[in-house]
Amino acid sequence: MRLSGKTALITGAAGGIGSTTAGIFSSEGASVILSDCKRDACLAVESEIRSQGGDNVTVMPADLTREEDILKLFSEIGSSHPALDILVNIAGGDHEPVADVESIDYERMSRNIDLNLKSCILCCREACRIMKPLAYGRIVNMSSLVYRGSPGQFSYSASKGGIFSFTRSLAMAMGQYNITVNALAPALVDVPVFQKVLGRDKWLAMAEAAAERYPLKRIASPEDVAKAALFLASDDASFITGQVIEISGGARL
């Protein structure tokens, strides 16, 4: 098992990608800490993992748009675990998915920056405080294919572009401590939130149109993203750092 003996914090653990990542990490031997602002949903993920035989799983809810919640989360981890080996920053979302430049809303823009970029930076800061003295760490951040730019997703793409730059900067700083820092940049992923927000018919139309544009002729599954996170979090990727890996089915080649 590739993560045997490791402790991994997964943020956004209640979502489609986060819950899938948590399950795969647990099956690979990791002690998994589930964090999300949705406590009940996290408990449901914990229950599912335990039903699959994973007994080293803990729920630590937190609203990662609040620095005090982040500080409390990492304080609890430091008190209850001997180490934090892996951080996977999946928490995120788009509060302003369709906007022309003249209608960018300050509050929605701020929520995108807070949820996607600030939370990532602060979680990395606190994780590095634990990892540096132990001279070991694997950090996987969640960018998006729209870090390249996306008309109509101005603040979201800016936040994901910020993760691109921050990931590279942190990798430069942390390499000397045997801490690798990489990011994933998925294209469209088949997660329940899209169907919930858009409705089944609109979601299917969007997914089919995207799949037609991708060379592999399908959109990503949560497993596609989770398995890439597993690789980067494992020692198989010990000489890979500062990279942003696109999980895109060949989109935007």
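Values computed for the structure shown
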quantity	calculated
Helix 16-27 axis, angle to the chain major axis (alpha carbon atoms, nearest 10°)	30
Candidate lysines for bridging to Lys6, where Cα separation is under 23 Å - those fewer than 8 sequence places away on the same chain excluded	Lys72, Lys132, Lys227
15 Å Cα-Cα reach of Lys38 towards aspartates and glutamates, excluding residues that sit fewer than 8 places from it in its own chain	Glu46, Asp63, Asp69
Cα extents of the stretch 155-228 along the three principal axes, largest first (Å)	50, 27, 21
Cα lying deepest toward the dipole's positive end in the stretch 94-205, options Ile179, Phe166, Val191, charges on Cβ	Ile179
C-alpha center-to-center spacing [the stretch 1-30, the stretch 209-253] in angstrom	17
Rounded to the nearest 20 debye, dipole of the chain from Cβ charges on Lys, Arg, Asp, Glu	460
log₁₀ of I(q)/I(0) at q = 0.23, 0.25, 0.27, 0.29 Å⁻¹ - the stretch 189-241, Debye sum with one point per alpha carbon	-0.85, -0.92, -0.98, -1.05
Chain lengthening between Arg2 and Met206 when straightened (0.36 nm per residue, less Cα-Cα)	69.9 nm
FRET efficiency, His81 to Ile104 (Cβ-Cβ, R0 35 Å, nearest 0.05)	0.30
Residue-averaged 222 nm ellipticity for the chain, from DSSP H runs of 4+ at -39500 (n - 2.57), nearest 500	-14500 deg cm²/dmol
DSSP bridge orientation in the chain - percent antiparallel, rounded to nearest 5	0
For a label point 7 Å along the Cα-to-beta-carbon line of Arg213, residues of the stretch 131-162 with backbone N under 11 Å	146, 150-151
Rg and Dmax [Cα atoms of the stretch 70-126; Å; Rg one decimal, Dmax integer]	15.2, 50
Degrees between helix 222-233 axis and first principal axis of the chain (Cα, 0 to 90, nearest 10)	40
Proxy reagent accessibility, fewest Cβ within 10 Å first, across Ile179, Ile245	Ile245, Ile179
Arg252 versus Arg129: modelled label distance in nm, points set 7 Å from Cα along the beta carbon direction	3.4
Per-residue ³J(HN,Hα) for the stretch 195-212, Karplus 6.51 cos²θ - 1.76 cosθ + 1.60, θ = phi - 60°, Hz, x for Gly and Pro	5, 5, 7, 8, x, 4, 5, 5, 5, 5, 5, 5, 5, 5, 5, 5, 4, 5
Average projected area [Cα convex hull, the stretch 70-177], square nanometres	7.0
Nearest 10 degrees, 0 to 90: helix 154-174 Cα axis against the chain principal axis	30
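A short reminder: the numbers here are calculations on the coordinates, not readings from a lab. Predicted, not measured: the structure shown is a model, and the values here were computed from it. Virtual Cβ from ideal backbone geometry, glycine too; neighbours counted across all protein chains shown.
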